[in-house]
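Note sheet for the following structure.
The values are calculated or read from the model by the stated rules, or taken from the named source; none is laboratory data. Everything quoted here is computed from the prediction, not taken from an experiment. Please note: Cβ atoms are built from the backbone with ideal geometry, for glycine as well, and neighbour counts cover all protein chains shown. Side chains are part of the model used for accessible areas, which takes the heavy atoms of the whole protein and leaves out ligands, DNA and RNA. Shrake-Rupley method; radii C 1.70, N 1.55, O 1.52, S 1.80 Å.
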Amino acid sequence: MKIEEEYFVKTSEIKLNHLKEFLFSLKAVCIAYSGGVDSTFLLKVAKNVLKDNILAITATSPTYPQHELKEAIALAQEIGVRHLIISSNELDIPGFSENNPSRCYYCKNDLFQKLKEEAEKYGISNIADGSNCDDKKDFRPGRKAAEELGILSPLIVAGLTKKDIRYLSRQLDLPTWNKPSLACLSSRIPYYETITEEKLNRIEKAEAFLRELGFTQFRVRHHDGLARIELITEEMSLLSSNELRSSIYNVLKKLGFSYVTVDLLGYRSGSLNEVVKAYDKDPL
């Protein structure tokens, strides 16, 4: 093992110990659980440390893909935790559908308030999310909501990055260690373009089709009537097939997209934040 790798492994394990110590100090915790890489890792470590003194809560909504909900339920059962599923509809939240750069703030504020109410029924006062240190580098207005409501971010407290979490998840035999990054379906719609349930359904079906074709990490961005597909570099070459391109075009066309394009820069997390102006980055 190279010196750099040895250092990474050692520091990751130190961070894991810090995470365990922090969770142990909480005595009990309610975790906002999506079934993604970060929240699943946090849930597993919390289970190992706090045993039955944890509660996982997943909120269903038009912005949360159904296949993700199924995976989250299965993983929670496998880990062996109490898992509560609540209903939520961001489209009912004032200001959300208008889709300004504060969108994520409105969503998280509503979600965390719901989690606090549910956790109180179980006598749990500590609410935690799966934010990691890399999230602090991107435009994340939802973090403001978490801070205002006193939501804990144990992975940040422990100094864990996404790379650390994927490595440690693999050590814990979690199937999510190499799972593609998640983001709510609303993140596929550019700021100031109104979010509707119809658009969300169209995006979910388009991405489900790409997943069936074997694509792994991707996004279908919804620009009014245009679909902008982002693929990872390794999978761009798959589009050299005329048959595959035609298939994608025909299916997305039937779903309601007027045009279907491929982004030459490929997949990148938060690409719609690239056009957010400096004065928009603190809209609240």
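Here the simple spin-label model places points 7 Å from the Cα toward Cβ, and for Lys114 and Thr196 these points are separated by 2.3 nm.
Rounded to the nearest 20, the Cβ-based charge dipole of the chain about its Cα centre (Lys and Arg +1, Asp and Glu -1) stands at 240 debye. Rounded to 0.05, the FRET efficiency of the Leu226 and Asn89 pair, given R0 = 25 Å and the Cβ-Cβ distance, is 0.45. Rounded to the nearest 500, the 222 nm mean residue ellipticity of the chain from helices alone is -14000 deg cm²/dmol, with -39,500 (n - 2.57) taken per DSSP H run of at least 4 residues. What is the Cα centroid distance between the range 55-131 and the range 230-277, reported in whole angstrom? A separation of 29 Å, based on Cα centres.
Extending 7 Å from the Cα toward the beta-carbon at both Arg82 and Asp138 defines two label points whose distance is 3.2 nm.
Once you've got the Cα coordinates, tell me which of Lys15/Lys121; Lys162/Lys205; Lys27/Lys116 are over 25 Å apart. Walk me through the intermediate numbers first.
Values: Lys15/Lys121 32 Å; Lys162/Lys205 28 Å; Lys27/Lys116 16 Å.
With Cα atoms farther than 25 Å apart: Lys15/Lys121; Lys162/Lys205.
For the chain, the longest principal axis of the C-alpha atoms and the axis of helix 3-26 are separated by about 60°.
Measure off, as a whole percent, the carbon and sulfur share of the 1.4 Å-probe accessible area of the chain, all protein chains present.
On the way: 7340 of 14200 Å².
Carbon plus sulfur share of accessible area: 52 percent.
Coupling constants for the range 63-77 follow from the phi torsions by the Karplus curve (6.51 cos²θ - 1.76 cosθ + 1.60, θ = phi - 60°), and in residue order they are 8, 10, x, 4, 5, 6, 4, 4, 5, 5, 4, 5, 5, 4, 5 Hz; glycine and proline get x.
So between Lys121 and Glu243, what do we pick up on full extension, going 0.36 nm a residue minus the alpha carbon distance?
Values: separation 122, 0.36 × 122 = 43.92 nm, distance 5.45 nm.
Contour length minus Cα-Cα distance gives 38.5 nm.
For the peptides 20-28, 41-49, residues were scored by their other Cβ atoms within 10 Å and the scores averaged per peptide; the highest-first order is 41-49, 20-28.
The calculated FRET efficiency for the pair Asn273 and Lys27, based on their C-beta separation and a Förster distance of 35 Å, comes to about 0.40.
Highest GNM mean-square fluctuation among Ser88, Ser246, Ser12, for the chain modelled with Cα contacts below 10 Å: Ser246. Secondary structure note: in the chain, about 25% of the DSSP beta bridges are antiparallel.
Order these peptides, 74-82, 216-224, 126-134, by their mean beta-carbon neighbour count within 10 angstrom, highest first. Intermediate values should be presented prior to the final figure.
Working: 74-82: 15.9, 216-224: 18.6, 126-134: 22.1.
Highest mean packing first, the order is 126-134, 216-224, 74-82.
If R0 is taken as 30 Å, the Cβ-Cβ distance between Ile3 and Arg170 corresponds to a FRET efficiency of 0.90. For the chain, the per residue solvent-accessible surface stands at 50 Å², with DNA, RNA and ligands left out and a 1.4 Å probe.
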